[in-house]
Amino acid sequence: MRTRLIKTDGLVQQVLEAGHEDPNAPLVLLIHGFPELGLSWRAQVEALSQGGYHVLAPDMRGYGGTDKPRGVEAYSILHLVGDMVDLVRALEKPSCIVVGHDWGGPVAWHCALLRPDLFTAVAGLSVPFQPRRPKGPPTQAMAAISERAGLGDLYINRFQAPDAHLALEADPVTTLRKLFWAFDGATPAAKRSTGFMPRGVSLLDSVDDAATLPPWMSEAHFAEYVEAFAAGGFDGPLNWYRALDLNWSLTAFAQNQRILQPALFIVGEDDPVRHYAGAAEAGLKDWVPNLTRSVVVPGAGHWIQQERADTVNDLLLEFLAQIAKAR
């Protein structure tokens, strides 16, 4: 396993890589979400490379050791998919299997949606594919749902504020400790975040001050996240959220398009994302007709590939073996 920099079109990307010794090994791309890094996939990079795959887990645009362009417009879904296309091209691979967690899920799904010639199979963790809806920008729809249900504000809408990153940057240690704890399966249900918060209460204030590190996260592992976000900040990562309405405006050409590649979906039973993406999870087969399995992992929360590393590794290796057998 090694960390290196790869220069792609207008971007230098830091990647965690293994299995590169075999030029014929199939490529698997692992895409992280918020607030994560390529190292969030360390267990999968090790397991999949030992299974005979060339595995790449980049720090995504705006994160960690990868470049951090300024401005919301630099974080559209087309840029994020383009970065992954560039990595595959830089490695001179003819095709790739793409896996995404959290925000990496939508990127992985859109890699499959927009470049089916290159991304031949897809796995989504935590976040199901959510098709473009013709009714209007998504942040307006989410705000309306929250208002009707009396749930307060969804954190995604709070992140739209141009200065929302400042509160997260004020104390990266507390921010990261609270976020990891609030969405973890081991956190008591009454303390776990739903993703919504009362009006006038900040995201961090909505999480118990007694939050501790999840049981799967060591102090040394946590320190890697703190170092990266203390150096790189949260503005780039939040720009992914701020670009949601821009993404909607850019993807009208893909309206009603389905993902036809073999696919896998994995979600923790207690993942808070299910509070606001449950309908998309239930209807996933309608939009991804070749979904091979949809697995709900008992007792797991949001950080599924780290909370249940062995389970996720086994499911991914099984999925990859099925793909290889079908060829």
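The values are calculated or read from the model by the stated rules, or taken from the named source; none is laboratory data. None of these values were measured; they are calculated from a predicted model. Cβ coordinates were reconstructed from backbone atoms using ideal geometry, including for glycine residues, and neighbour counts include every protein chain displayed. Just so you know, the surface numbers come from the protein's heavy atoms only, side chains and all, with ligands and any DNA or RNA stripped out. Shrake-Rupley method; radii C 1.70, N 1.55, O 1.52, S 1.80 Å.
Numerical summary
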item	result
Qualifying helices (runs of 4 or more DSSP H) (wholly inside region 253-327; at least 1 residues being in contact with a helix residue (DSSP H, G or I) (Cβ under 7 Å, 6 or more places away or on another chain) and of a type in the set (S, T, N, Q))	304-307, 309-326
Condition check for Leu30: closer than 17 Å to Leu316 by Cα and under 12 Å from the mean Cα position of the chain (by Cα)	yes
Filtered residues of region 120-142 (kept if part of a loop (DSSP other than H, G, I, E, B) and aliphatic (A, V, I, L, M))	Val127
Strands (runs of 3 or more DSSP E) contained entirely in region 1-100, each with at least 2 residues that are within 24 Å of Val267 (Cβ to Cβ) and polar (S, T, N, Q)	none
Close pairs (8 angstrom Cβ cut-off, 6 or more residues apart or separate chains): under 23 Å from Ile156 (Cα atoms) and of a type in the set (Lys, Arg) in region 110-139, part of a loop (DSSP other than H, G, I, E, B) and open to solvent by 20 Å² or more (accessible area, probe 1.4 Å) anywhere	Arg132/Gln255
Pick from region 76-109, criterion without any contact (Cβ under 8 Å) to a residue 60 or more places away in the chain and closer than 21 Å to Gly10 by Cβ, ranking: surrounded by the most Cβ atoms within 10 Å (Cβ to Cβ)	Met84
Residue pairs meeting the criteria (Cβ under 6 Å; at least 6 apart or on separate chains; first under 20 Å from Phe319 (Cα atoms), in region 270-292; second open to solvent by 60 Å² or more (accessible area, probe 1.4 Å) and in a helix (DSSP H, G or I))	Leu291/Lys285
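Residues are listed down the side, and each one gets a yes or a no for (1) surrounded by 18 or more Cβ atoms within 10 Å (Cβ to Cβ); (2) among the small types (Gly, Ala, Ser); (3) on the phi > 0 side of the Ramachandran plot; (4) touching a helix residue (DSSP H, G or I) at 6+ places or on another chain (Cβ under 8 Å):
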{"site": "Ala123", "(1), (2), (3), (4)": "yes, yes, no, yes"}
{"site": "Pro137", "(1), (2), (3), (4)": "no, no, no, yes"}
{"site": "Ala143", "(1), (2), (3), (4)": "no, yes, no, yes"}
{"site": "Glu147", "(1), (2), (3), (4)": "no, no, no, no"}
{"site": "Asp163", "(1), (2), (3), (4)": "no, no, no, no"}
{"site": "Leu176", "(1), (2), (3), (4)": "yes, no, no, yes"}
{"site": "Leu179", "(1), (2), (3), (4)": "yes, no, no, no"}
